[in-house]
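Data first, discussion second: the structure below is written as structure tokens.
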Amino acid sequence: MEAVEGMKEIAAMNVSHGQTRVRFCFALCATFAALTLVPSVWAQEFVVQLDPAQTKIEFTLGSTLHTVEGTFRLKSGTIRFDRTSGKIGGSIIVDATSGESGNAGRDRKMHREILESGKYSEIIFTPSQVKGAFDPKGPSRVEISGRFSLHGQDHDVTLPIDVQPSGRQLLMATHITIPYIKWGMKNPSTFILRAADKVEIEIHAGGQIADDGALR
């Protein structure tokens, strides 16, 4: 009887060890599958193409009588990002001539006297460095530093950007305060109407991860 009971215990141990091995192999395979899927979209270095149709650029300028609100259109945007070094490149180009606030007379003055968009038709942000950890599986916040070109002059800026990935799609949101008078643009204030010396910009952009071939 003791021999029989001993054989049963050995058999039970073998079954238990076999189940453990099966669970371990399953977990290992699942982990390997996850690791092989992520790089196919989020490579060590990747390119994001911004979509003008999915991007909203809104500005707000306060004044003594009312707040002026308006929009600009994205012309193009390409961001190249190296997740290891934190280096970033590319450019984001806004069509300065597209600015509108819903008032034709005010918009003509804005383009003719302040933006001088006939001469400076593009507003360009050229990123150069990223701080913060980017999470390819969930929301994250990073700080992107670079050169902001407006009205023929370059300015160093740092933008806090909220990033939300979804497969090959990427959503980004940021806010920037532009001291346009300090940056050499004309003050639109009159004796009666006093305009703020800073304009607030809200950007919500959508883009897509480019094919691997675009990285080469």
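The values are calculated or read from the model by the stated rules, or taken from the named source; none is laboratory data. This structure is a prediction, so every number in the text was calculated from the model and none was measured. Glycine gets a Cβ as well: all are built from the backbone with ideal geometry, and neighbour counts include every protein chain shown. Just so you know, the surface numbers come from the protein's heavy atoms only, side chains and all, with ligands and any DNA or RNA stripped out. Shrake-Rupley method; radii C 1.70, N 1.55, O 1.52, S 1.80 Å.
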When every residue in the stretch 87-107 that is assigned to a loop (DSSP other than H, G, I, E, B) and more than 14 Å from VAL199 (Cβ to Cβ) is compared, the one farthest from the chain's Cα centre (by Cα) is ASN103
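Could you name every one of the strands (runs of 3 or more DSSP E) located completely within the stretch 108-216 that has at least 2 residues being open to solvent by less than 50 Å² (accessible area, probe 1.4 Å), in contact with a helix residue (DSSP H, G or I) (Cβ under 8 Å, 6 or more places away or on another chain) and hydrophobic (A, V, I, L, M, F, W, C)?
In the stretch 108-216, 199-209 are the strands (runs of 3 or more DSSP E) which contain 2 or more residues that are open to solvent by less than 50 Å² (accessible area, probe 1.4 Å), in contact with a helix residue (DSSP H, G or I) (Cβ under 8 Å, 6 or more places away or on another chain) and hydrophobic (A, V, I, L, M, F, W, C).
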By residue number, the members of the stretch 54-104 that are open to solvent by 20 Å² or more (accessible area, probe 1.4 Å), in contact (Cβ under 8 Å) with a residue 60 or more places away in the chain and small (Gly, Ala, Ser) are GLY62, SER63
